[in-house]
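Trainee: Sharing a structure below in C-alpha cells format, with a few things to ask.
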Amino acid sequence: MNQLLKKYPEEIKRILAKYPTEQKQAAVMPLLHLAQGEIGFVSRTAMQEIAEITGVTTTEVASVVGFYTLFHDAPEGKIRLQVCTDVACDLRGAKEYLANLCQQLDAKPGETSMDGFITIEEVKCLAACDRAPLFQSQIGNELEYHENQTPTRTMDWLRSMSAALNGTPLRSSASIEEAPATKSTDGGGNE
Amino acid sequence: MSEFVLLRHREIPGLNQLKTYVANGGFSMWKKVVTSNKPEDLVREVKASGLRGRGGAGFPTGVKWSFLPNDIWPHYVVANADESEPGTFKDRELLEFNPYQFLEGLMLASFAVQANDAYIYFRGEFSQIAKKIDERIAELTTKGYLGDGLYATSYSLRVHTHVGAGAYICGEETALLESIEGKLGQPRLRPPFPALSGLFNKPTVINNVETLANLPYIIEKGSDAFRRHGTDKSPGTKIFSLSGRVNKPGNYELPLGTTFRELIYKHGEGIINGATIKAIMPAGASSTLIPATETALDTPMDYEATSALGSPLGSASVIILDETVNISRLVNSTVHFFKHESCGKCTPCREGTYWMSHITSRIESGKAKKEDIDLLKVVASQMQNKCLCALGEFSIMAVMSGLQHFRADFDARLES
Amino acid sequence: MEKQITLTIDGRPVNVQEGTNIVDAAKTVGITIPVFCHHPKLKPVGMCRVCLVDIGRPQIDRTTGTPIKNEDGTTRIVFGPKLETACSTPVSEGMVVWGATEKVMTARKEVIEFLLTSHPLDCPVCDKGGECPLQNQTMLFGSPDSRFLLEEKSRAKKHYLLGDLIYLDRERCIQCARCVRFQEQVADDAVIGFYNRGRALEIATFSEPGFDSIFSGNTTDICPVGALTTADFRFGARPWELKHKPSICTQCPVGCNITYDVRREARSNGKTVIKRVMPRQNEEVNEIWICDKGRFTYSYAESSERLSQPMIRKNGELTSASWEEAITFASEKIRAAGKNLLSLVSGRLSIEDLYAAKTLMASTGGKTVLYSSMGGGEWVTRVGIAPGSDLAKLKKGSTILVFASDLHEEAPLWWLRVKQAAERGITLVVSNARKTRLDKFATHQLTYKYGDEEKALREIFEGGSELSKSVTQAENLVVFYGCDGMGLAQTTALAGMFAEGLVKTSHFGRLNNGLIPVWPRANDQGAFELDIQPDLNLVETMSAAMGVYIAGADPAGDDPSLREAMQRAGFVIVQDLFLTETAKLADVVFPVQAVMEREGSLVSGERRVQKFGAVIPAFKDTKADFNITGVLIEKVTGEKFPSNPAEIFDLVSQKEPVFQFFSHQKLGETHEQWPLVGRNEIYYSGAGYDNSYGLGVTLPLIIGESALPKKTQMPEAVRPVKAQWLAVPVTKLYDNSKLTSMSLLLNRVSKKTLSMHPEDAETLKIQSGATVSLKNAAQEFDAQVKVDPNQPKGVLLITRSSGMPVHMPLAVDLKEKETDSLNTERGLL
Ligand SMILES: Cc1cc2nc3c(=O)[nH]c(=O)nc-3n(C[C@H](O)[C@H](O)[C@H](O)COP(=O)(O)O)c2cc1C
Ligand code: SF4
Ligand code: FES
C-alpha cells in the first residue's frame, strides 16, 4: 500500500490538480517536498511511492533527488545549518563566520556534529546578500532564513532549538536504505 | 526617490495585506481589463512602454508576448521567482512585502496572452514565501479576482506555485520549464523557443517577478507615465540590489540610467571604512569585473551604457569590491559557484568549470605556478562561445576580466 | 514528396530533404562531422558540443522576403557570432556550412580535450578499445597532449553494476545521455537516468532487478565509449580479434538480423566460440536494435548438457550408437511404419529441415504435422502483409490493430515498431483481455474477457463505433493477431475471421496491408508456407500412429496427454539438442546442431525469407536436422537428397508454389540503408551493424478469394463451473524454456508461475509465492502464485513454456499445497 497516498490523500490531490492530468510527472517535485517533510530525507520507498503516483519510474524520481541540492537521499542531523559563503556574503565575512561555527560544533562543512543533531553545510547564494552573514535552517522540509548572524547569535539559537526539540532524537531513527548511487555534496565529483 | 513604482511597501505600511493593497489602488484595472476582453490592448500598451525584462536579458516584454502563436493552445505564463544570482535579492523583497502587485502583474500578463493557468516558480529556499503566496492566491480566488469565468466572462485564470529545490540553473528559462515538468533542471536546446513550445510543449511566456510587478503601473497609468522614468531605450525604474563592501547594502529603486556613483556613494553611503573602491560587478557573479574608474562610476546604469562598459546590466545586482578584496579570492568564489551549479549537460561547462575550480583553488592555496594562471586563461577561453546555455558563458566572465585587469592579485598568490 | 533543400558544405553542393540535420547532410557527400551525443535514431540534444561548425545563412530583405545580393551579384551570407551544433541544426535553403576551418577544428579539438580530461584513458584494458568513437575521433580531430594535472582528474569507483546484464564504468562515461535517451525515447522504459549534476553526473538505476529493461543491451552498442558493457562480453575479447558472422535470431517471429562475433579461443581448445551477439542493420525488420532475449540466449549452444552422439534404445535403455547404426535402425522402422508414420516438427526448424521432413513423409505416405498451439498460418499465406510493406513507412491515415497479443513480451521488436508508428501518428487499436505495455500508445482500446474473442472481433469489424470505423475505413490496415489466452482451435478460427474481415474491407494484397501472426516460434509461418499444418486432434492422431518422428519439439515435456499418446505410438525417433522428456522416451535419438552451427532459412511473421549461416563449428558428433532427415530419405527411398542447404532451398523454390521465382541467391541481396551505420561510420565505429549478407525477400501472396481455405468454427468458450477457475496460457519473453534458463537471463525467467488478481488471492486466502495444485479431468500439476494487480479478475494466467500443461483455455480446480515458507522463490514477492 502506498503510505504517502494513505497519509496525505488531500494534499496529494491538491498537488496533482495543479498540473494538466496528462502531465503527472510535474507533481514529482512537490511530492518529494512532501515526503522529505516526514523524515528529512527521501527514502527509497518514498521514491517508489512517488513514482507510482506520478506514473514515472523510480529512477526518474531518484534522478530528481540527485540533481537538486535541497533533496537528500540519506538521513543527517535534525537541523541542517546552511551557511551562505557565496561571493557577496564572502565579502562580508561569511567564510570566517562559518569557520568559527565549525570550530564550535567540531564539524567540517558537510559533516554532522558529534551528537548527530546538526549538519553544517556550505551553500551558494540565498538571495539575502545585504544581510550577511546568514544561514538557512532546514528541519524536515521547513526552511527558515536567519540573517545578520554572529557566531554567538547562531550558537544561542542552536541551544534553544536543542532544548525545544528535546535534544532527541539526535539522528533520524528511520532506517538507512542503501542507495545504489550516492549523492555528491558539492556537485563536482572527485571520489 | 519620491515615487516608488515597485518598492511601494516602503511608503505604505501593510501593503502585503490585500485590503491595504486594494485601498491603495490595487487591482483597479483588473475587472475592466477582463470584461473589456481586449488582450491586444494590453500587449500594445506594454510594447509602447518599452518595458524590458528584469530577469537578466533585458528583452522587451511586449515583444516577447507577441511571439505567441494564436493557433496553438493552451498558452501558459510562468513567473520566474528563482532569484539565485549571487548578489540578487530584489524579487524576494517584492514577494514578501509587495506580493499583490506582483500577482496582479502576473494576472495581467496571463490575460494579455490569454493563458488560463499561470505558474510561479520559486527557488527552493523561498518555500516559506511560496506558502504565503499560496494563501494569497486562495484569498484572491475566494474574493473573485481569480477563478473560473471571471466577472461573468468566459475567461478563467488559475495561478499555481511550484517550488524548486536548490539549483541556480533553474533560473534559466528552459531549465525552469523542465523543472516544473518534474525533470532535471537542464536547459533545452533552442529552437524551439518557449514562445512556441514551452511548458508542456505549449506556447509559454516567462517573465521575471520584477518585470511583472511593473505591469499594474503601466496598465493603470499608461506607457507615457512609465516612460517618464529612465532613458529612452531603458525606460522605467529598476531595483538595484547593492551588496559587497558598501556601508549600506540593500535594494534601491532608481530610474534606469542613474549612475553607479549615485548608487554607491549616495544611496549605499560609500565604501566600508572609507576604503578605495576597486571594481564593480553590475550583474552579480555572472558579470565582468569592471575596474572602478571615474568614467565607470559616472556611467549611467542602463542596458546600453553598462554593456558598453563590458558587462551586461543583467538583473542589476551590483556587487562592490574595494581595495581589501583580492580578486583571485573573489574569482575562486565565482568559479566555485558555477562549478557547483553547472547542470552537467554540455561538455565545455561541465568540464571547464570543474578544471577552473581546481586551478583557482590551487592559486588560492598558494601552491600555483605561473603556468597555472596561463592554464586558467586557456580553460576559460576554451569554454567561450561553446556552451549550450548562458551559465557556462557567465562562468568565465569574472575569470577573464579578473586576469585582464587584476593580474597582480593572482601573481601575488603564486608559490614563491 | 518532401521539399529538397540545397546548401553547400565545405564548398560542395549538397541536396537533401527538408528537416535533415547538417551532420547527416554532410554524410551524403562523404564529409564527416564528429559527434558523440548525437545518434540518428534519437532526437538531437546538442549537448556534447563536438559537432560545432560555422554556419552562414543568406541575408533576407525583411520587406521583400528575398535574399540580399552582394555587389558582385552573389547572395550575401551572414555568419552567426558563434559556432553552432551541426547535429541539431536542420539545413535551410542557401545555407553555407564550414566544417573544417581552423576555427572549427580548434573548437573541436578543445571540446575533445575537455572530454578526455575527465576520461581515464584506459584504452588498453577497455572493451571498447578498437571500436571506440571517442578513441577514433580523438585520433582524427583531437590533440595529442593534455595540459591538466592528473591527480585532479575526476575519479569514480569502477565496475559499478547497473544490473546483472549491463555493467557501468563511471569514469569512462562522457555524459552524452545516449543510453538514457534510448531508454526514454526508444524503449519507453526510463529505468536508467542521471544522478547528481555537473561533473558529478553519473548514470544510475533504481529499478529491480537492476537495469531491468528488455532492450537494455542496445545501450552498450550505442554508448560511444566503454562505459556500458554487457556482462557476457566484458573482458571477453578485444574487438579486433573478432570475426563478424551474420545470422538471424530465432527467438521469436520477427526475425531480427544479428551478427555473432566469434573468435578462436585457447581455453576452448582452439575452438571458435561466440563472444557476443549484436544487431545487424535491417531497417525493414529490426532497424539496428535487438531485444535482450536475442542478445543473451545463445549460451545454450555451449551447454555440456547438449546431446553429442546418436542413441538407440537397447534392452529398455538408451545407449550410445554410431550414426550408421542409428540411421539404419531408424530407417527400418520408418519403412515398416509406412503411411502410419507421423512426423511432428516445429517452427524451431528451418525451411530446409521442414522440407526434408515433408519429403520423407511423402515417400512413405505418412503425415507431417506442425507442433504448435497457435494456428491460422494458412490464412496468412493468402492475406499476410503484402510484399514491399514496411511498418516504418506507415503514415497517418493507416491503422494497426493488435489483437490477443502482448507484443512487448512476444515480439519485442514489433512492439517497438508499432509504438513508433503510433508516435508518428498512425491509428493504433489495441484489443486484449488484459493490460499490456502497448496500451498507452493506443488510439482506441477494446478490452474483452477471455473467451469473448469472437465477440470482440465482431465488434471491431461490424460495430460501427469510432474504433470500428478506424479499422474498417483505414487507408491501410495491418492486423497483428496472437494467441494470448487461446489455443490452436481458437486461433485458427480467429485467423479465418480476420482474413474474412480484411477481404471484406479490401485490406489485403496491397502494400502495407495484411495479417501478421505473432507466432511463438521463429519459423512457424515457414511451415504453413510448405503446407505443414497443426493437427487439432494431435492426441488421437499420435495414439493411432505406428511411429512418430519428432524434430524440434518436446510434446512429452509439455503435456502428459501427449506423453501418453506418444507412448501408445509404436516407436519414437527424436531429433533434439537436449535429452528432453520426449527424447528420454524415444527409441532413437539423433543429436542435432544448434542454429549457429549450421545454415538454413526462416520465414518471419511478415513472411520475409531470411538465411542464416554457420558461425561456429558443430558441437561434437552432431548433424543438422536436414542432413539427418536427408540421409534417412536416401536410406528409405534410395533417392538422393541434397546435403547442401542452398541446394535444398532451390529445390523448395522449384517444388513449392509460394517459393517459386526466387533462388537462394536472392536472399543475399542488399541495398544501401539509411542511416548509414556501417563499420566505418563515426557514430558507431565498431558495432556490427554492417549488412552485406542479405536483407531477405518477402514471399508473394497466394491471391484470389477462391484460394481462401475453409473457415473453422470458434470453439465454445470455456465457462468454469462454480468452484472451478479459468486458466489460460500467456506468453512471457523470458519463459522458462530450456534455452532461456541456460543463459544470463536466468535471474529473470518466470518460473512455474500462475498469476492472479489480488482480490482473487484474497478470496482464496492465498499469498504471493504460495504453491498451489491445479487439476482437471486430464491432469494435475503444481504452480507458484504471483499476485498481479494489473491483470483481470477471475482468471489464472499460466506462463507458456514453463512446464505447465496449459495450451488452451481450461477449467481447473485449484487447491493450496502445504506451504514451506522458506521455499518461496526470490523475486516473486
Ligand atoms: C543561468 C541563468 C540564470 C538565470 N536566473 C534567473 C533568475 O534567477 N531569475 C530570473 O528572473 N531570470 C533568470 N535568468 C533569465 C531567464 O532565463 C529569463 O531570461 C527571464 O526569466 C525572462 O524574464 P524577463 O524577460 O522578465 O527578464 C537566468 C538566465 C540564465 C542563463
Ligand atoms: S552551460 Fe551547459 S552544463 Fe552549463 S548549465 Fe548550461 S547547459 Fe548546463
Ligand atoms: S552536440 Fe552535436 S553531436 Fe553532441
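Trainee: Go through C:478, C:503 for me and flag whichever is of a type in the set (A, V, I, L, M) and open to solvent by 10 Å² or more (accessible area, probe 1.4 Å).
Mentor: Numbers: C:478 fails: open to solvent by 10 Å² or more (accessible area, probe 1.4 Å).
Only one candidate qualifies: C:503.
Trainee: For region A:28-78, give me the residue count where each residue is of a type in the set (Val, Ile, Thr), touching a residue at least 60 places away in the same chain (Cβ under 8 Å) and crowded, with 22+ Cβ neighbours inside 10 Å. Show your work before the answer.
Mentor: Initial filter on region A:28-78 (of a type in the set (Val, Ile, Thr)): A:28, A:39, A:42, A:45, A:50, A:53-54, A:56-59, A:61, A:64-65, A:69.
Add one more test, that the residue is touching a residue at least 60 places away in the same chain (Cβ under 8 Å), and what stays is A:39, A:45, A:65, A:69.
Checking the rest, the ones that are also crowded, with 22+ Cβ neighbours inside 10 Å come to A:65, A:69.
Going through region A:28-78 one residue at a time, the tally reaches 2.
Trainee: Filter region C:236-260 for residues that are in contact with a helix residue (DSSP H, G or I) (Cβ under 8 Å, 6 or more places away or on another chain) and either closer than 19 Å to residue C:165 by Cβ or modelled with pLDDT under 90 (or both) and give the result.
Mentor: Matches in region C:236-260: C:249, C:251, C:252, C:256, C:258, C:260.
Trainee: Are there strands (runs of 3 or more DSSP E) fully within region C:222-320 with at least 2 residues that are crowded, with 21+ Cβ neighbours inside 10 Å? List them.
Mentor: Working: elements: C:228-230, C:243-248, C:257-265, C:271-279, C:311-314, C:317-320.
So the answer is C:228-230, C:243-248, C:257-265, C:271-279.
Trainee: Here is a follow-up. Within region B:291-315, how many residues are open to solvent by 10 Å² or more (accessible area, probe 1.4 Å), away from chain A (no Cβ under 14 Å) and in contact (Cβ under 8 Å) with a residue 40 or more places away in the chain?
Mentor: Of the residues in region B:291-315, 9 are open to solvent by 10 Å² or more (accessible area, probe 1.4 Å), away from chain A (no Cβ under 14 Å) and in contact (Cβ under 8 Å) with a residue 40 or more places away in the chain.
Trainee: Quick one: would you say residue A:153 is among the charged types (D, E, K, R), out of contact with any Leu (no Cβ under 7 Å at 6 or more places or on another chain) and at pLDDT 95 or above?
Mentor: Values: among the charged types (D, E, K, R): yes; out of contact with any Leu (no Cβ under 7 Å at 6 or more places or on another chain): yes; at pLDDT 95 or above: yes.
So residue A:153 fits the description; yes.
Trainee: Follow-up. Against the definition (within 16 Å of ligand 1 (Cβ to nearest atom), of a type outside the set (Asp, Glu) and on the phi < 0 side of the Ramachandran plot), how does residue C:95 come out, yes or no?
Mentor: Values: within 16 Å of ligand 1 (Cβ to nearest atom): no; of a type outside the set (Asp, Glu): yes; on the phi < 0 side of the Ramachandran plot: yes.
Here the answer is no, as residue C:95 does not meet what is asked.
Trainee: Give A:98, A:105 a once-over and let me know the one that is buried (at least 22 other Cβ atoms within 10 Å of the Cβ), away from chain B (no Cβ under 14 Å), within 30 Å of residue B:86 (Cβ to Cβ) and within 21 Å of the chain's Cα centre (by Cα).
Mentor: On the way: A:98 fails: away from chain B (no Cβ under 14 Å).
Exactly one of A:98, A:105 is buried (at least 22 other Cβ atoms within 10 Å of the Cβ), away from chain B (no Cβ under 14 Å), within 30 Å of residue B:86 (Cβ to Cβ) and within 21 Å of the chain's Cα centre (by Cα), namely A:105.
Trainee: So which residues in region A:33-71 are among the aliphatic types (A, V, I, L, M), more than 7 Å from chain B (Cβ to nearest Cβ) and in contact with a helix residue (DSSP H, G or I) (Cβ under 8 Å, 6 or more places away or on another chain)?
Mentor: Going through region A:33-71, the residues among the aliphatic types (A, V, I, L, M) turn out to be A:34-35, A:39, A:42, A:46-47, A:50-51, A:53, A:56, A:61-62, A:64-65, A:70.
So of that shortlist, the ones also more than 7 Å from chain B (Cβ to nearest Cβ) come out as A:34-35, A:39, A:42, A:46-47, A:50-51, A:53, A:56, A:61-62, A:65.
Of everything in region A:33-71, those that are among the aliphatic types (A, V, I, L, M), more than 7 Å from chain B (Cβ to nearest Cβ) and in contact with a helix residue (DSSP H, G or I) (Cβ under 8 Å, 6 or more places away or on another chain) turn out to be A:34, A:35, A:42, A:46, A:47, A:50, A:51, A:53, A:56, A:61, A:62, A:65.
Trainee: Given the criteria within 15 Å of ligand 3 (Cβ to nearest atom) and more than 20 Å from residue C:681 (Cα to Cα), does residue C:68 qualify? I'd like the intermediate steps shown before the answer.
Mentor: On the way: within 15 Å of ligand 3 (Cβ to nearest atom): no; more than 20 Å from residue C:681 (Cα to Cα): yes.
So residue C:68 fails the test.
Trainee: Further question on the same structure: Looking at residue B:279, is it surrounded by 21 or more Cβ atoms within 10 Å (Cβ to Cβ), at positive phi and not polar (S, T, N, Q)?
Mentor: Values: surrounded by 21 or more Cβ atoms within 10 Å (Cβ to Cβ): yes; at positive phi: no; not polar (S, T, N, Q): yes.
Considered against the rule, which asks whether it is surrounded by 21 or more Cβ atoms within 10 Å (Cβ to Cβ), at positive phi and not polar (S, T, N, Q), residue B:279 comes out as no.
Trainee: Filter region B:71-82 down to the residues that are part of a loop (DSSP other than H, G, I, E, B) and either crowded, with 24+ Cβ neighbours inside 10 Å or within 16 Å of ligand 3 (Cβ to nearest atom) (or both) and list them by number. Lay out the reasoning, then the answer.
Mentor: Here is the first cut: in region B:71-82, the residues part of a loop (DSSP other than H, G, I, E, B) are B:71-75, B:82.
Listed by number, the residues that qualify are B:75, B:82.
Trainee: Can you report the number of residues in region B:245-279 which are of a type in the set (Gly, Ala, Ser), under 22 Å from residue B:308 (Cβ atoms) and either out of contact with any helix residue (DSSP H, G or I) (no Cβ under 8 Å at 6 or more places or on another chain) or within 14 Å of chain A (Cβ to nearest Cβ) (or both)? Walk me through it before giving the result.
Mentor: Of the residues in region B:245-279, the ones of a type in the set (Gly, Ala, Ser) are B:250, B:257, B:268, B:270, B:274-275, B:279.
Now drop any that are not under 22 Å from residue B:308 (Cβ atoms), which leaves B:257, B:279.
From what's left, either out of contact with any helix residue (DSSP H, G or I) (no Cβ under 8 Å at 6 or more places or on another chain) or within 14 Å of chain A (Cβ to nearest Cβ) (or both): B:279.
Adding up the residues that qualify gives 1.
Trainee: Among the residues of region C:168-195, which ones are more than 9 Å from chain A (Cβ to nearest Cβ) and of a type in the set (Lys, Arg)?
Mentor: Residues satisfying the conditions are C:172, C:178, C:181.
Trainee: Is it true that some residue in region B:316-324 is open to solvent by 10 Å² or more (accessible area, probe 1.4 Å), within 14 Å of chain A (Cβ to nearest Cβ) and more than 18 Å from residue B:262 (Cα to Cα)? Steps first, answer last, please.
Mentor: If we filter region B:316-324 for residues that are open to solvent by 10 Å² or more (accessible area, probe 1.4 Å), which is where we start, we get B:323-324.
Adding the requirement that they be within 14 Å of chain A (Cβ to nearest Cβ) leaves B:323-324.
This time we only want the ones that are more than 18 Å from residue B:262 (Cα to Cα), so: B:323-324.
Yes.
Trainee: Quick one: which residue in C:365, C:388, C:375, C:384 is within 20 Å of residue C:255 (Cα to Cα) and open to solvent by 20 Å² or more (accessible area, probe 1.4 Å)?
Mentor: Numbers: C:365 fails: within 20 Å of residue C:255 (Cα to Cα); C:375 fails: open to solvent by 20 Å² or more (accessible area, probe 1.4 Å); C:384 fails: open to solvent by 20 Å² or more (accessible area, probe 1.4 Å).
None of the others qualify; the one that does is C:388.
Let's see how each residue does on (1) away from ligand 2 (no atom under 11 Å from the Cβ); (2) part of a helix (DSSP H, G or I); (3) out of contact with any helix residue (DSSP H, G or I) (no Cβ under 6 Å at 6 or more places or on another chain); (4) in contact (Cβ under 8 Å) with a residue 24 or more places away in the chain:
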position: B:373; (1), (2), (3), (4): yes, yes, no, yes
position: B:380; (1), (2), (3), (4): yes, yes, no, yes
position: B:386; (1), (2), (3), (4): no, no, no, yes
position: B:392; (1), (2), (3), (4): no, yes, no, yes
position: B:404; (1), (2), (3), (4): yes, yes, yes, no
position: B:408; (1), (2), (3), (4): yes, yes, yes, no
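Trainee: Scan region C:22-44 residue by residue and report those that are in a loop (DSSP other than H, G, I, E, B) and of a type in the set (Gly, Ala, Ser).
Mentor: At the first step, the residues of region C:22-44 found to be in a loop (DSSP other than H, G, I, E, B) are C:29-44.
Hit for region C:22-44 is C:30, nothing else.
Trainee: Continuing with this model, one more query. From (1) at pLDDT 95 or above; (2) touching an Asp or Glu at 6+ places or on another chain (Cβ under 8 Å); (3) farther than 24 Å from residue C:401 by Cβ, pick out the condition that doesn't hold for residue C:529.
Mentor: Going through (1) at pLDDT 95 or above; (2) touching an Asp or Glu at 6+ places or on another chain (Cβ under 8 Å); (3) farther than 24 Å from residue C:401 by Cβ one by one, residue C:529 breaks only (3).
Trainee: For the subset of region C:45-67 comprising residues that are outside any loop (DSSP other than H, G, I, E, B) and open to solvent by 70 Å² or more (accessible area, probe 1.4 Å), which member is nearest to the other protein chains (Cβ to nearest Cβ)? Break it down into steps so the answer makes sense when it comes.
Mentor: Of the residues in region C:45-67, the ones outside any loop (DSSP other than H, G, I, E, B) are C:52-58, C:60, C:67.
Restricting the remaining residues to those that are open to solvent by 70 Å² or more (accessible area, probe 1.4 Å) gives C:57, C:60.
Working: C:57: 14, C:60: 17 Å.
Looking at the filtered set, the residue picked out is C:57.
Trainee: Related question: Is there any pair with a first residue in region C:755-766 that is β-branched (Val, Ile, Thr) and a second that is outside any loop (DSSP other than H, G, I, E, B) and open to solvent by 40 Å² or more (accessible area, probe 1.4 Å) whose Cβ atoms are under 6 Å apart and which are 6 or more apart or on different chains, and what are they?
Mentor: C:766/C:816
Trainee: Looking only at strands (runs of 3 or more DSSP E) that fall completely inside region C:712-829, which ones have 1 or more residues that are touching a Lys or Arg at 6+ places or on another chain (Cβ under 9 Å) and among the acidic types (Asp, Glu)?
Mentor: On the way: elements: C:725-730, C:753-756, C:771-775, C:780-787, C:795-799, C:810-816.
Because the criterion is at least 1 residues that are touching a Lys or Arg at 6+ places or on another chain (Cβ under 9 Å) and among the acidic types (Asp, Glu), the strands (runs of 3 or more DSSP E) in region C:712-829 that meet it are C:780-787, C:810-816.
Trainee: Also, quick follow-up: Is it true that some residue in region B:374-396 is surrounded by 24 or more Cβ atoms within 10 Å (Cβ to Cβ), away from chain C (no Cβ under 14 Å) and under 28 Å from the mean Cα position of the chain (by Cα)?
Mentor: yes
Trainee: Related question: List the pairs whose first member sits in region B:83-99 and is within 16 Å of ligand 3 (Cβ to nearest atom), whose second member is modelled with pLDDT of 95 or more and open to solvent by 10 Å² or more (accessible area, probe 1.4 Å), and whose Cβ atoms are under 8 Å apart, counting only residues at least 6 apart or on separate chains?
Mentor: none
Trainee: While we're looking at this one, here's another question. Could you tell me which of the residues C:91, C:104 is within 13 Å of ligand 3 (Cβ to nearest atom) and buried (at least 17 other Cβ atoms within 10 Å of the Cβ)? Working first, answer last.
Mentor: Values: C:91 fails: within 13 Å of ligand 3 (Cβ to nearest atom).
Going through C:91, C:104 in turn, just one is within 13 Å of ligand 3 (Cβ to nearest atom) and buried (at least 17 other Cβ atoms within 10 Å of the Cβ): C:104.
Trainee: If we only count strands (runs of 3 or more DSSP E) wholly inside region C:442-533, which ones have 3 or more residues that are closer than 27 Å to residue C:601 by Cα?
Mentor: Values: elements: C:444-447, C:476-481, C:514-517.
Answer list for region C:442-533: C:476-481, C:514-517.
Trainee: Anything in region B:115-133 that is open to solvent by 50 Å² or more (accessible area, probe 1.4 Å) and either farther than 18 Å from residue A:70 by Cβ or in contact (Cβ under 8 Å) with a residue 24 or more places away in the chain (or both)? List them, or say none. Let's see the steps before the verdict.
Mentor: Taking region B:115-133 and keeping what is open to solvent by 50 Å² or more (accessible area, probe 1.4 Å), we get B:116, B:128, B:131-132.
Within region B:115-133, B:116, B:132 meet the criteria.
The values are calculated or read from the model by the stated rules, or taken from the named source; none is laboratory data. Note that this is a predicted model, so its numbers are computed, not measured. Glycine gets a Cβ as well: all are built from the backbone with ideal geometry, and neighbour counts include every protein chain shown. SASA here: full protein model, heavy atoms, side chains in, ligands and nucleic acids out. Shrake-Rupley method; radii C 1.70, N 1.55, O 1.52, S 1.80 Å.
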